[in-house]
Amino acid sequence: MRPSNPQEQDAAAALTRKHRAEFARIIIENHFAISPDSILISDASGAIREANPRALEMFGYSRTELIGMQIEDLVPARYRERHPSHRENFNAHPRTRQMGAAMNLFAVRKDGTEFPVDIMLRPIGTETGPIVLSFVRDATEQRAAQEELRRQDQQLRSIVETVHDYAIYMLDRDGHVMTWNPGGERIHGYATDEILGRHFSRFFTQRELDRDHPRSMLRLAAERGRVEDQGWRVRKDGTRFWAESVLTAIRDNNGGVTGFAKVTRDFTDRKRAEEAVMLQISKALMPSLDTRKLLSAVSASIAEVIPHDAATLGLHDTGSDSMRVQFLGGDGEVRWGDLRLPLDKSPAGEAFRRREPVVLHQMGQPSRFESEGMRHLTSIGMQSGCWVPLIYRDDAIGTLNVSSRKENAFNLRDAEMLADIADQVAIAVNNAVAFNQLAESRDRLDQEKQYLQEEINLENRFEDIVGESAGLRQVLRQIETVAPTDATVLIQGETGTGKELLARAIHRLSPRHDRTFIKLNCAAIPAGLLESELFGHEKGAFTGAIARKMGRLELANEGTLFLDEVGELPLDLQPKLLRALQEREIERLGGTRPIHVNVRLIAATNRDLGKMVQEKEFRADLFYRLKVFPIFAPPLRERANDIPILVRHFVATHSRRMGKIIETIPPATMESLSRWKWPGNIRELENFLERAVILTRGPVLYAPLAELETAIEEDDSDEIDNPLLHAAEREHILRVLRSCKGIIGGADGAAARLGLKRTTLNSKLKKLGIDRRDYMP
């Protein structure tokens, strides 16, 4: 409610003014007491009339000492003479002077020490005359910070102005050049007065301008704070150079972008060198289908841009999930063989799996990598290394590595360069591997074809097993049992009992019947060549190795290998065969690359391997590895009931092959053949009957039983008195003498036709009372 009369209104206004004055006094007194700055009140003559607690603390005086002192007493002596004139000028033109309006102001304490200050002056008129409020702030820390900033700014300017290898300059928010250094003039070709205020887009090629690349860089730098870039840039004279640059956003206290700092370096020489190296590598890799030659070309080429002491090429083996590493010294001195290394805890494995470069600066220091490959590198003095993945069509196929005997030999830029090279190497490696696989497949087919052609031309044929005896049926049941498995089979038996025929039956009944059956007679090949026959050899592995050859183990991959006469295998070769069977890996002679083989082995022997083991002529471990499933081929003397069946079978087979028709086998002949013990077993019987078919002129089989009689005589057998043999033999010899007109020797003589030595036939004629002259014309 407002007062109704003027007196009441005046009283109310006076009360309000009083309240406001009191409120102002309280505020001033509190500010005066707690202000962090010194507050001094002085009159027009410069005498100090009042001071707050901070002033007493700052200048080191007590209140009694400070009140009444002149302002000039707080000013360093070197300024005191000029200070009264400044005060008089201020009194004549009173005005508020803000802090910072004056520069390099100093005050002095009671102990005589000086310190920098900032001062604000505020003139106030009072009833007793004008007074001045002086607000004094200790600027020691602020000046020190400013001095340090100035010093750093001077250092930075000095560095920027003396750097000639880098263009270092500032841009405003829109990309206009604000500062310039000698490096910018040298690299870009513009003098300072020519470029200041111009837009930095003039450094870009027309292609980059069409893509609005300069504006994109400013936008990305503002968003991310920093952006790296590389590409061709344009100088003032229009020439181009390869630039690598960093653009950094500069922000104010509120985070707003006020400009940009740009650093550019000319990498044209390195770019040209890299392009030359890439071209050199491309030329070297295009015709290279040998990974070892390929690595040699790579190592020699990258040494021009990435100095190193050794290079490795690792190819991933999916079967064992390991890395097959080939080593080659970059300096031409270090040479290593191939290694197969696990991927775990290795830099190569990490680069392969993560598909990112791995750089190690100090291999000798403890790290997460403790692999065999790392130990191998450090053992030969390598101290640092860089590994990058080989990626072909989005598939990681291996790694490329360079190593150095120096620590910290490789940086991120080297890793990027090596990764670029790896892209080319991956293509070449993939081509080389594909070509080698194709070449090996072709070689395999060629050698299998050659082998099969040789097999076809062999005298032995592979008809069905013939016979009905109990011993043979027992063997056939064993074959039916073991054939479906992959178990190793050892066939034992005398010479000529058909061990190879049994081995072929096992293969034919096994799941591998669609693949190749390869045989090797260990007794038929010289010991010095047997290893090459088994494992194969590379070109140049030994004198006479003019081409690469696949061994029988490799040819039998996924199929069956039949080792006949395995007891003749040399002792030094036996552990290599055992390793191949256990680890399913071989290496060709002269080769370094392991070759995976999956072979079912069937071995045969006519020797007592158990006795040979006791006499140290055969390794026990190989014997037990072969004797997983033993089969005994019975001799023909234990299969007497099968002899007539075999005689009819072989006569029919050979007569059909020779185009003859033999319908009858004389009973006397069959009886004689059945009574003979056949020490050479089925092979001897077949060979004898083949000769009989050759000698037979008509439909009745004529068997040269004289051979059996001679053998009987030599064995002192009681079968010498067999009259059937005598009669059949005499008739056969007479028939041959008539056809040869009494001629004994020569290619067309009776001895050759009878399959006897000349002396043996003469002895026969004398014994039988036959005179060959009776049949001569």
I'd like the full set of residues that are part of a helix (DSSP H, G or I), open to solvent by 60 Å² or more (accessible area, probe 1.4 Å) and of a type outside the set (S, T, N, Q), limited to the range 753-774.
Arg753, Arg758, Lys766, Lys767, Arg772, Arg773, Asp774
Can you run down the residue pairs with Cβ atoms below 8 Å, 6 or more apart or on separate chains, where the first is in the range 547-565 and farther than 18 Å from Arg593 by Cα and the partner is surrounded by fewer than 22 Cβ atoms within 10 Å (Cβ to Cβ) and acidic (Asp, Glu)?
Phe562/Glu500; Asp564/Glu500
Residue count for the range 190-213, restricted to those that are under 40 Å from the mean Cα position of the chain (by Cα) and in a helix (DSSP H, G or I):
3
Examine the range 731-742 for a residue that is hydrophobic (A, V, I, L, M, F, W, C), more than 28 Å from Ser674 (Cα to Cα) and modelled with pLDDT of 70 or more, and state whether such a residue exists.
yes
Given (1) in a helix (DSSP H, G or I); (2) farther than 21 Å from Gly471 by Cα, where does His649 come up short, assuming only one miss?
(2)
Filtering the range 368-396 for residues that are open to solvent by less than 40 Å² (accessible area, probe 1.4 Å) and either modelled with pLDDT under 85 or closer than 26 Å to Thr318 by Cα (or both) leaves a count of 12
Go through Glu57, Glu72 for me and flag whichever is surrounded by 13 or more Cβ atoms within 10 Å (Cβ to Cβ), without any contact (Cβ under 8 Å) to a residue 60 or more places away in the chain and closer than 25 Å to Glu141 by Cα.
Glu72
Kindly indicate whether any position in the range 218-240 is in contact with a Leu (Cβ under 6 Å, 6 or more places away or on another chain), farther than 15 Å from Ala167 by Cβ and assigned to a helix (DSSP H, G or I).
yes
Filter result (closer than 14 Å to Pro699 by Cα and among the charged types (D, E, K, R)) within the range 642-655:
Arg648
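Residues are listed down the side, and each one gets a yes or a no for (1) at pLDDT 80 or above; (2) more than 31 Å from the chain's Cα centre (by Cα); (3) more than 14 Å from Ile479 (Cβ to Cβ); (4) open to solvent by 60 Å² or more (accessible area, probe 1.4 Å):
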site	(1), (2), (3), (4)
Ile491	yes, yes, no, no
Thr495	yes, yes, yes, yes
Lys499	yes, yes, no, no
Leu509	yes, yes, no, yes
Cys522	yes, yes, yes, no
Leu530	yes, yes, yes, no
Glu533	yes, yes, yes, no
Thr543	no, yes, yes, yes
Ala547	no, no, yes, no
When residues of the range 113-139 are filtered for being open to solvent by 50 Å² or more (accessible area, probe 1.4 Å) and at positive phi, how many remain?
0
Could you run through the range 196-233 and say how many residues are farther than 21 Å from Ala249 by Cβ and either open to solvent by less than 30 Å² (accessible area, probe 1.4 Å) or of a type in the set (Gly, Ala, Ser) (or both)?
1
Hey, could you check the range 385-418 for residues that are small (Gly, Ala, Ser) and in contact with a helix residue (DSSP H, G or I) (Cβ under 9 Å, 6 or more places away or on another chain) and say which is nearest to Glu244 (Cα to Cα)?
Gly385
Name the residue, out of Asp212, Asp174, that is without any contact (Cβ under 8 Å) to a residue 60 or more places away in the chain and touching a strand residue (DSSP E or B) at 6+ places or on another chain (Cβ under 9 Å).
Asp174
How many of the residues making up the range 741-752 are closer than 18 Å to Ala692 by Cβ and open to solvent by 30 Å² or more (accessible area, probe 1.4 Å)?
1
Hey, among the residues in the range 669-714 that are of a type outside the set (A, V, I, L, M, F, W, C) and within 60 Å of the chain's Cα centre (by Cα), which one's modelled with the lowest pLDDT?
Gly680
How many of the residues making up the range 549-577 are within 30 Å of the chain's Cα centre (by Cα), open to solvent by less than 30 Å² (accessible area, probe 1.4 Å) and within 16 Å of Thr488 (Cα to Cα)?
3
Note on the range 669-681: residues open to solvent by 30 Å² or more (accessible area, probe 1.4 Å) and part of a helix (DSSP H, G or I) are Glu671, Ser674, Arg675
When you scan the range 327-339, do you find a residue that is closer than 30 Å to Val597 by Cβ, assigned to a loop (DSSP other than H, G, I, E, B), modelled with pLDDT under 80 and open to solvent by 50 Å² or more (accessible area, probe 1.4 Å), even just one?
yes
Quick one: would you say Pro594 is more than 27 Å from Ala487 (Cβ to Cβ) and open to solvent by less than 50 Å² (accessible area, probe 1.4 Å)?
no
So, in the range 491-518, exactly how many residues are touching a residue at least 40 places away in the same chain (Cβ under 8 Å) and over 21 Å from Arg639 (Cβ atoms)?
7
Looking at the range 446-465, can you tell me whether even one residue there is over 40 Å from the mean Cα position of the chain (by Cα), on the phi > 0 side of the Ramachandran plot and at pLDDT 60 or above?
no
Whichever residue in the range 656-668 is over 13 Å from Ala703 (Cβ atoms) and not basic (Lys, Arg) and, among such residues, is farthest from the chain's Cα centre (by Cα):
Glu663
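The values are calculated or read from the model by the stated rules, or taken from the named source; none is laboratory data. The model shown is predicted, which means the values in this text are computed figures rather than measured ones. Note: ideal-geometry Cβ built from the backbone for every residue, glycine included; neighbour counts use all protein chains shown. Side chains included, ligands, DNA and RNA excluded: accessible areas come from the protein's heavy atoms. Shrake-Rupley method; radii C 1.70, N 1.55, O 1.52, S 1.80 Å.
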